[in-house]
Every structure is written in structure tokens, then in C-alpha cells.
Amino acid sequence: MQNRTDRQLAVLLFAGVFGLYLRTMAPGLLFGDSGEFQVAAWTLGLAHSTGYPLYLLLGSAWQHTLALLGVSPAYGLNILSALFGALAVSLLYLTLVQWLKSTLGIRRMVALLAALFLAVNPTFWSQNLIAEVYTLHALFLVLMLNLAYRLLTANQPSTDATETLERTSAVTLAAWLALVVGLSFTHHAMTMLALPSVLLALWW
């Protein structure tokens, strides 16, 4: 269970990574799939198979909201990729702090380094600078990992009374995990690769 300090560190990590992505982001309309997504989201259309309905619905709402502030639809959807990516990085930090077994200081250091490594990995970084579906998929994967771990440890005894009081019930966690998996399937078919691990967590 993360404490207040971990949550504050996650917020700082999100802000720093999001700022980095904004600083290096593509400024407007792009070629290829990114251009297709930028137009399809703005017009509430469909992209190439599998259509990516969740991404385009979220993207359309985001684009039209930012348009009220004078942000172009193309640039607005690029920003959304960075938002999803920065959220994935900060959530990975929170997940690893819970998952790792060591002293709190070591756990924080290792979790922070791992999250930063993901953030500046060239492949991941590049997907945060353009209108693409992969950062939302990464966020779903990290969220599934977080919920699955919490579900597997929900009934384990704890010496920390505060942690015991704050724990979410296994039934609630299973419901949230099922919801996230379902939403992820409406976004990207590669969710299928994570399904065996999720089913193991639910069965366990």
C-alpha cells in the first residue's frame, strides 16, 4: 500500500515526464496512422481495423475540449498521447513500490529508476510525441498489473493496521480488474496477450 509520500512522488514524476513529452512533441498534423487518428477522432469516424473505438471517443472529447482553448485538433491529440504515457509511468512507480520486497528507501529508488527508464526509453518516448494508440494501451497494461497484484495480496495478513483498514476488498478489486480488461479490449486487441495473467489473478 503506497503512502502519502509515494503519491506525492508519483505526482512529481507525472509532472516532470509530461513536461518532457510536451517539450519534445510533434506540433501538428502528421502522416500515416497518426494523421488518420487525428482526423478520425475529430470527425468521430473510424480508423483502420480494429477501429480503436475507445481511443477515438476519448480523443474526440479531448480535441473538442482543447479546441475551446484554441488548441488545434491535431496537436490536441498529440498531447493526449503524452498524458496517457505520463500516467502510465507514474502508475508504474506506484505499482513497483508496492510490489518490490526491500526497505522502503530501496523500493522507492528502484521503482523510480524503473519508471524513469520506461519514460525515456526511445521507443516508448517516441509514441508519446504523436497521436498513437500505444500509450493508452501501456496505461491499461500497468493498471491491470496494479489491480492484479493488489487482488493477489488482498487477503494476506498485514502488520500495518492502517494498511489493513485502507485495503480494498478482493471482490471490489476483481470487479475493477474485469472492467479495466473489458475497456482495454475495446481499445487494442493485443490485450489478449495479457489475458492469461489476468485470469490467473482472478482464479487465484
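Among the residues of the range 158-189, how many are part of a helix (DSSP H, G or I) and either modelled with pLDDT of 90 or more or surrounded by fewer than 15 Cβ atoms within 10 Å (Cβ to Cβ) (or both)?
Adding up the residues that qualify gives 21.
Condition check: under 18 Å from the mean Cα position of the chain (by Cα) and either of a type in the set (Phe, Trp, Tyr) or at pLDDT 95 or above (or both). Does Tyr75 satisfy that?
The answer is no for Tyr75.
Which one of the conditions (1) at pLDDT below 95; (2) more than 28 Å from Leu116 (Cα to Cα); (3) surrounded by 19 or more Cβ atoms within 10 Å (Cβ to Cβ) does Leu30 fail to meet, given that it meets all the rest?
(2) is the only condition that Leu30 fails.
Can you pull out every residue in the range 36-69 that is in a helix (DSSP H, G or I), free of Cβ contacts under 8 Å to residues at least 40 places away in the same chain and surrounded by fewer than 18 Cβ atoms within 10 Å (Cβ to Cβ)?
Correct list: Glu36, Val39, Leu57, Ala61, His64, Thr65, Leu66, Ala67.
Can Leu69 be described as at pLDDT 95 or above, farther than 22 Å from Phe124 by Cα and not hydroxyl-bearing (Ser, Thr, Tyr)?
yes
Need at least 2 residues that are in contact (Cβ under 8 Å) with a residue 60 or more places away in the chain and of a type in the set (A, V, I, L, M, F, W, C) per element, so show me which helices (runs of 4 or more DSSP H) inside the range 70-132 make the cut, counting only ones lying wholly within it.
73-99, 104-120
The values are calculated or read from the model by the stated rules, or taken from the named source; none is laboratory data. Computed from a prediction, not measured in an experiment: that's the story for all the values here. FYI the Cβ positions are ideal-geometry reconstructions off the backbone, even for glycines, and counts take in every protein chain you see.
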